Amino acid sequence: MTIKIRLIKSTVISAVFFLCFAQTNAQNTSVLNTDMSQSIIDKHIYGHFSEHLGRCIYGGFYVGESNTKIPNTEGVRKDVVEALKKLKVPNLRWPGGCFADTYHWKDGVGPKAKRPTIVNTWWGGVTEDNSFGTHDFLNMCELIGAEPYLSGNVGSGTVQELSEWVQYVNFEGVSPMSNWRKENGRDKPWNVKFWGIGNEAWGCGGNMVAEYYANIYRQYTTFMSNSEKAKLFRIASGANSGDYHWTEVMMRDIPHTMLEGIALHHYSVIDWGKKGSATDFSEQQYFQTMQRALKMDELITKHATIMDKYDPEKKVALVVDEWGGWYDVEPGTNPGFLFQQNTIRDAILAGATLNIFHKHSDRVRMANLAQTVNVLQAVVLTDEEKMIVTPTYHVMEMYNVHQDANYLPLSISGGDYVFGTDKLPAISASASKDKAGLVHVSLVNIDPKNSKEIAIEIRGGKYTTVTGRILTSAKLQDHNTFEKPDSVKPIPFKQASLVSNVLKVTLPAHSVVVLEVK
Ligand code: AHR
């Protein structure tokens, strides 16, 4: 009897021990199936945004052809073009933003000396001389190798104006607009596919209610013609962050034969009245920025759920065509120019956001970081003839291996990043397999104080080698300056090993790592 009880007791103890041990393992070792992919990470989620705002276009992309020593191609800076080519920018949105709904494209074509000037009422009230217009932008996209994404003026333009813009840039045959394009020096059309039908129609684009805008959208798109080489990808002005009613109305009231995408704008801003400095911030502000950034997952999930109801086949894309961090402008700069520095905080924000886009790649098929040069979460900063790239640039460059690769679901439990009584998941991760069979894993340790140990069992093939790069720095606030342009840059990563298909990684605090496994 005693022996029997002892036997049961020891069996129970062993079972409990086994369960605990198994659970510990399960918690620490994630699984990555490299042969199970259900969606492609569309390269267009790596898009950028360039508005006539502050020094994004003038001084940033464009310095004009005369009176400058800065090397340029038809007025477009060569250094910026080279930097963006390395980034593999897939698409570039222009001319706004809020500016788009004040922009009359005909002001920006033809001889530059004859172009009218206007006032940029949204951004600093400065004079806009229209020297950078349609030809300049579309030719610049060709230099960069990016597809253009034109934002049409719906707020203060006309149906005819937008319809003629489409004809001007896309029609090959004889027509008033294509003839005018030819007279202005461009024979072949540019075949622009991506078109935004207004911007933030609920706000600077006309303060419309969703139901009214949906009708306006139907009217405008009716007169935008496809051409032989450019089937239009029409994007409805989308919701502001958590305005789910907006998405519901777009999906309900616009026939899906007239709609390829719906936009969504979400900025990681702590408080619109108290945004805080881009470089001089506390851990609390860092935590709040990351809270806002990670909110993107919930926003996409909820907007996508509404879209699923009307479009279970996921034909209509969710296009996050404005995202990024938004802080106070740099001291002494024009408040209307939105010029801010860019730190490790922004690198973490970018990495975590891109991981979220990857996770939702079945629905999110396009996105645009705001904005490319000298504005908000820029990848490039310029000062006269000097140019530097930011920590965000490096993340976008490290991550571009995911462009058009097969998304591989990956969920890692790396514990929490605890701040006071609040917490966030410490690790953000995603993975993909490219056409050559290389597996890329991107990992972000959001925790600013603690390193994290991660183990991933890789299934679906034999993998023997791991290499990678890391972006981090001593402090979250570290950034590049014109004096020290390389303070923050990626370096080879040595803290990863791959033995018997198990990938083990030690992720330093506040770091972004991209690994290649083969
Ligand atoms: O990116 C700056 C501004 O933010 C854009 O012009 C507008 O669309 C948004 O509100």
Scan region 172-212 residue by residue and report those that are within 24 Å of Val249 (Cα to Cα), aromatic (Phe, Trp, Tyr) and under 25 Å from the mean Cα position of the chain (by Cα).
Phe194, Trp195, Trp202
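Inside region 84-93, can you point out the residues that are more than 12 Å from Cys141 (Cα to Cα) and open to solvent by 10 Å² or more (accessible area, probe 1.4 Å)? Write out each step before concluding.
Going residue by residue through region 84-93, those that are more than 12 Å from Cys141 (Cα to Cα) are 86-87.
The answer is Lys86, and nothing else.
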Apart from one, (1) assigned to a helix (DSSP H, G or I); (2) away from the ligand (no atom under 16 Å from the Cβ) all hold for Asp101; the odd one out is (2)
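Can you find a residue in region 280-292 that is in contact (Cβ under 8 Å) with a residue 40 or more places away in the chain, in a loop (DSSP other than H, G, I, E, B) and surrounded by fewer than 18 Cβ atoms within 10 Å (Cβ to Cβ)? Break it down stepwise before answering.
From region 280-292, those in contact (Cβ under 8 Å) with a residue 40 or more places away in the chain are 280-281, 283-284, 286-287, 289-291; that's our starting set.
The next check asks that each one be in a loop (DSSP other than H, G, I, E, B); those that pass are 280-281.
Those still in the list that are surrounded by fewer than 18 Cβ atoms within 10 Å (Cβ to Cβ) too: 280.
Checked region 280-292: at least one residue is in contact (Cβ under 8 Å) with a residue 40 or more places away in the chain, in a loop (DSSP other than H, G, I, E, B) and surrounded by fewer than 18 Cβ atoms within 10 Å (Cβ to Cβ).
Which residue, of Gly124, Gly108, Gly96, is within 14 Å of the ligand (Cβ to nearest atom) and either surrounded by 19 or more Cβ atoms within 10 Å (Cβ to Cβ) or of a type in the set (A, V, I, L, M) (or both)? Write out each step before concluding.
Working: Gly124 fails: either surrounded by 19 or more Cβ atoms within 10 Å (Cβ to Cβ) or of a type in the set (A, V, I, L, M) (or both); Gly108 fails: within 14 Å of the ligand (Cβ to nearest atom).
Checking each option against the conditions leaves just Gly96.
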On the basis of being in contact with a Cys (Cβ under 6 Å, 6 or more places away or on another chain), open to solvent by less than 10 Å² (accessible area, probe 1.4 Å) and in contact (Cβ under 8 Å) with a residue 12 or more places away in the chain, does Val441 make the cut?
no
Scanning for something within 25 Å of Pro90 (Cα to Cα), within 16 Å of the ligand (Cβ to nearest atom) and in contact with a His (Cβ under 8 Å, 6 or more places away or on another chain), does region 195-208 turn up at least one residue?
yes
Can you name every residue in region 122-151 that is in contact with a Gly (Cβ under 9 Å, 6 or more places away or on another chain) and among the polar types (S, T, N, Q)?
Asn130, Ser131, Thr134, Ser151
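Residues checked against (1) farther than 17 Å from Val31 by Cα; (2) outside any loop (DSSP other than H, G, I, E, B); (3) open to solvent by less than 50 Å² (accessible area, probe 1.4 Å):
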position: Ala429; (1), (2), (3): no, yes, yes
position: Lys435; (1), (2), (3): yes, no, no
position: Glu457; (1), (2), (3): no, yes, no
position: Val488; (1), (2), (3): yes, no, yes
position: Val505; (1), (2), (3): no, yes, yes
Every residue from region 376-397 that is within 14 Å of the chain's Cα centre (by Cα) and open to solvent by less than 10 Å² (accessible area, probe 1.4 Å)
Leu376, Gln377, Ala378, Val379, Thr392, Val395, Met396
Provide a single number: the residues in region 210-268 that are within 16 Å of the ligand (Cβ to nearest atom) and farther than 19 Å from Asp42 by Cβ.
10
Checked against (1) under 30 Å from Gly460 (Cα atoms); (2) modelled with pLDDT of 95 or more, His48 satisfies every condition except (1)
Ile70 meets each of (1) part of a loop (DSSP other than H, G, I, E, B); (2) within 16 Å of the ligand (Cβ to nearest atom) with one exception, condition (2)
Which residue pairs have Cβ atoms under 7 Å apart, sit 6 or more places apart or on different chains, and have a first residue in region 159-180 that is within 13 Å of Ile197 (Cα to Cα) and a second that is among the hydrophobic types (A, V, I, L, M, F, W, C) and open to solvent by less than 60 Å² (accessible area, probe 1.4 Å)?
Leu162/Met224; Ser163/Met224; Trp165/Trp105; Val166/Met224
Just to be sure I understand the filter: pairs with C-beta atoms under 8 Å, separated by 6 or more residues or on different chains, first member in region 52-76 and surrounded by fewer than 17 Cβ atoms within 10 Å (Cβ to Cβ), second member of a type in the set (A, V, I, L, M). Which pairs pass?
Thr73/Val81; Thr73/Leu143
Identify all residues within region 464-476 that are open to solvent by less than 50 Å² (accessible area, probe 1.4 Å) and not in a strand (DSSP E or B); write none if there are none.
Thr472, Ser473, Leu476
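The values are calculated or read from the model by the stated rules, or taken from the named source; none is laboratory data. Worth saying up front: this structure is predicted, and the values here are computed from it rather than measured. Cβ atoms come from the backbone with ideal geometry, glycine included; neighbour counts cover every protein chain shown. Heads up: the accessible areas ignore ligands, DNA and RNA and are worked out on the full protein's heavy atoms, side chains in. Shrake-Rupley method; radii C 1.70, N 1.55, O 1.52, S 1.80 Å.
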